[in-house]
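Engineer: Quick one: this structure, given as structure tokens, is what I'll be asking you about.
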Amino acid sequence: MPSGTGAGKPFKLDRFQKRFILATYAEHGVTNNRLVRRAILSIARKNGKTALIAALVLVHLVGPESIQNGEIYSAANDREQAAQVFKVAAQIVRADPELNAMLRIVDSTKTIACLGNGSFYKALSAEAGTKHGLNPSVFIYDELAQSKNRELYDVLDTAQGARHEPLGIVISTQSNDPAHPLSELIDDGLAANDNTIVCHLYAVPDECEDIFDPKEWRKANPALGTFRRLDDFQAMADRAKRLKSFENTFRNLYLNQRVSVMTTLFSKSDWEGCIGEVEFEENEEVILALDFAGTTDLACLGMMSVDGARFKPWFWKPLDMIDEHGKADRVPYRTWMDQGHLNASHGRIIDSEDIAIKIGELAATYNVLGLVYDRWRIEYLKKELERQDLDAREADDADIQLMPWGQGFKDMSPAIEALENLVLANELRHPSNPILNWNVANAVVSTDPAGNRKFDKDKSRMRIDGAQVLAMAAGKRAQLLDENGPSIYEARGALVI
């Protein structure tokens, strides 16, 4: 090891590293070719990922997995991270006279070349220029979870077609985003019965009742007590226990749970616990909520039953922007459209007529008590509702009563509280729409000095329109139930004057 715990001593693999390496390299087919083409190792931070990547780089460059004219790449999200992997690999080479004689290190380009077999290793970062034209025999992606887009991964993954035994390795903590490429790779790797894929996930389960129990920590930190220092880990746990704002960071980075490092409403397990059948009866009392957003963004209309808090969303995107926005947002909009989860307005903008027609259909079938809406761009929809002969006004005698709902602390704090109560009490029912799931996972909550809360679009990852609509619907439902029942003071036995 060139530095850190065990510096100056031979590189000694931990048991979890041996299991991963054996699973990735040991299996061969009838032609004696390596079977595995994709390998994922997901563990918490500070478990020796960088050193392992550097060692695997050298295994393919000059070790038993080397080939003639191989191209080995380590991929990282920024130059500093890429430099770390190269630095460790170069330190290993310089510390061994035999390796140093065989390999040529070029620090300026972060390249190590083997003159004997014509192979070379290069450290790449997503910040650098175009990566097209590469022909990798193997690539190892460091911390894919932190990537802002999937371009570098896709370029490396799709550039291996000409290689005899291509291999792509990802070693990373988990992403909180269920639609992130790493989340998709892990979910596919764990579910697939495919001998070309290896996926080893070390994580403390989301439903763990006591994340501060040291017995749970090793589930995400297999190197704990060896080259992962226990005292340092204990200090991080103590900090998370003291500071609630650090808890999600501790869960994601140190327990490898799929949670946001920012403050979110509820855990993945709480949200998934509310999945269920969502059906509505004819003439049932319901509340509609709408986030119309911009003309080219994501629009969402939601419907919640007053009785039972069943919720169903509908989403819209402009058809001509589906692929462009899918690449920008790193989500499969076209697939969601094909699966029926996303409606597409023809052209380059969301057509307010499409949403108005849907509102009319719902109003004709159910007893709509009101349409709660974000004021942004609502005038376009009001005009379209008039064209559809729908009596939609901010008046009690309207067929559809329009109910404006602000997005600041005043209106959103009780809405968020109502939604949180429904989820934590397991009273909400939603159909696990993938766009809604993505929006809820993205939503980040900020708090003012008085303790009021709202969604923070600036800090949220990507789109949160569905979460906004769901919260508004829950808030209006809570209001209506309070209006129709005893006040909170009467419920507590107070004398009302």
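The values are calculated or read from the model by the stated rules, or taken from the named source; none is laboratory data. Values in this document were obtained by computation on a predicted structure and should not be read as measured data. Note: ideal-geometry Cβ built from the backbone for every residue, glycine included; neighbour counts use all protein chains shown.
Engineer: So Ala299 clears everything in (1) farther than 23 Å from Ala392 by Cα; (2) at pLDDT 90 or above; (3) crowded, with 21+ Cβ neighbours inside 10 Å; (4) within 22 Å of the chain's Cα centre (by Cα) except one condition, right? Which one?
Structural biologist: So Ala299 meets the others, but not (1).
Engineer: Spot the failing condition for Val306; the list is (1) crowded, with 17+ Cβ neighbours inside 10 Å; (2) out of contact with any Leu (no Cβ under 7 Å at 6 or more places or on another chain), and only one is missed.
Structural biologist: (2)
Engineer: Among the residues of segment 364-393, how many are without any contact (Cβ under 8 Å) to a residue 40 or more places away in the chain and either among the polar types (S, T, N, Q) or surrounded by 14 or more Cβ atoms within 10 Å (Cβ to Cβ) (or both)?
Structural biologist: Total satisfying the criteria: 7.
Engineer: Can you say whether Ile197 is surrounded by fewer than 21 Cβ atoms within 10 Å (Cβ to Cβ), touching a Gly at 6+ places or on another chain (Cβ under 7 Å) and touching a residue at least 40 places away in the same chain (Cβ under 8 Å), as far as the supplied structure shows?
Structural biologist: Answer is yes for this residue.
Engineer: Another one. How about segment 328-400: which helices (runs of 4 or more DSSP H) wholly inside it have at least 2 residues that are hydroxyl-bearing (Ser, Thr, Tyr) and either at pLDDT 85 or above or in contact with a helix residue (DSSP H, G or I) (Cβ under 9 Å, 6 or more places away or on another chain) (or both)?
Structural biologist: 333-338, 352-365
Engineer: All but one of (1) of a type outside the set (Lys, Arg); (2) part of a loop (DSSP other than H, G, I, E, B); (3) buried (at least 18 other Cβ atoms within 10 Å of the Cβ) hold for Asp210; which doesn't?
Structural biologist: Evaluating Asp210 over (1) of a type outside the set (Lys, Arg); (2) part of a loop (DSSP other than H, G, I, E, B); (3) buried (at least 18 other Cβ atoms within 10 Å of the Cβ) leaves (3) as the failure.
Engineer: Also, I was wondering about something else. So, restricting to strands (runs of 3 or more DSSP E) that lie completely within segment 89-138, which ones have at least 2 residues that are buried (at least 20 other Cβ atoms within 10 Å of the Cβ) and within 28 Å of the chain's Cα centre (by Cα)?
Structural biologist: 120-125
Engineer: Would you mind finding the one in Arg348, Arg330 that is touching a residue at least 40 places away in the same chain (Cβ under 8 Å), in the same structural domain as Ala289 (by TED's automatic domain parsing) and either surrounded by fewer than 16 Cβ atoms within 10 Å (Cβ to Cβ) or among the polar types (S, T, N, Q) (or both)?
Structural biologist: Arg348
Engineer: Being within 26 Å of Tyr254 (Cβ to Cβ) and either assigned by TED's automatic domain parsing to the domain that holds Asn33 or modelled with pLDDT under 90 (or both) narrows it down to one residue among Ser172, Ser137; which is it?
Structural biologist: Ser172
Engineer: Still on this structure, I have one more. Across segment 139-165, what is the number of residues that are surrounded by fewer than 19 Cβ atoms within 10 Å (Cβ to Cβ) and assigned to a loop (DSSP other than H, G, I, E, B)?
Structural biologist: The number of residues fulfilling the criteria is 8.
Engineer: May I ask you to list the residues in segment 57-77 that are in contact (Cβ under 8 Å) with a residue 40 or more places away in the chain and either surrounded by fewer than 16 Cβ atoms within 10 Å (Cβ to Cβ) or in a helix (DSSP H, G or I) (or both)?
Structural biologist: Val57, Leu58, His60, Leu61, Gln68, Asn69
Engineer: While we're here: With the requirement that a residue be surrounded by fewer than 19 Cβ atoms within 10 Å (Cβ to Cβ) and of a type in the set (A, V, I, L, M), what does segment 166-194 give you?
Structural biologist: Result: Leu190, Ala191, Ala192.
Engineer: So, one more: Pick from Ala478, Ala473: which is at pLDDT 90 or above, crowded, with 19+ Cβ neighbours inside 10 Å and of a type outside the set (Val, Ile, Thr)?
Structural biologist: Residue meeting the stated conditions: Ala473.
Engineer: Would you confirm, using the coordinates I've provided, whether Phe315 is touching a strand residue (DSSP E or B) at 6+ places or on another chain (Cβ under 7 Å) and part of a loop (DSSP other than H, G, I, E, B)?
Structural biologist: Here the answer is no, as Phe315 does not meet what is asked.
Engineer: Further question on the same structure: Name the residues in segment 281-296 that are surrounded by 18 or more Cβ atoms within 10 Å (Cβ to Cβ) and under 22 Å from Arg429 (Cα atoms), would you?
Structural biologist: Those that are surrounded by 18 or more Cβ atoms within 10 Å (Cβ to Cβ) and under 22 Å from Arg429 (Cα atoms): Val286, Ile287, Leu288, Ala289, Leu290, Asp291.
Engineer: Name the pairs whose Cβ atoms lie under 6 Å apart, with the first residue in segment 141-157 and in the same structural domain as Arg330 (by TED's automatic domain parsing), the second crowded, with 23+ Cβ neighbours inside 10 Å and at pLDDT 90 or above, and 6 or more positions between them or separate chains?
Structural biologist: Here the result reads none, with nothing in segment 141-157 linked to a residue that is crowded, with 23+ Cβ neighbours inside 10 Å and at pLDDT 90 or above.
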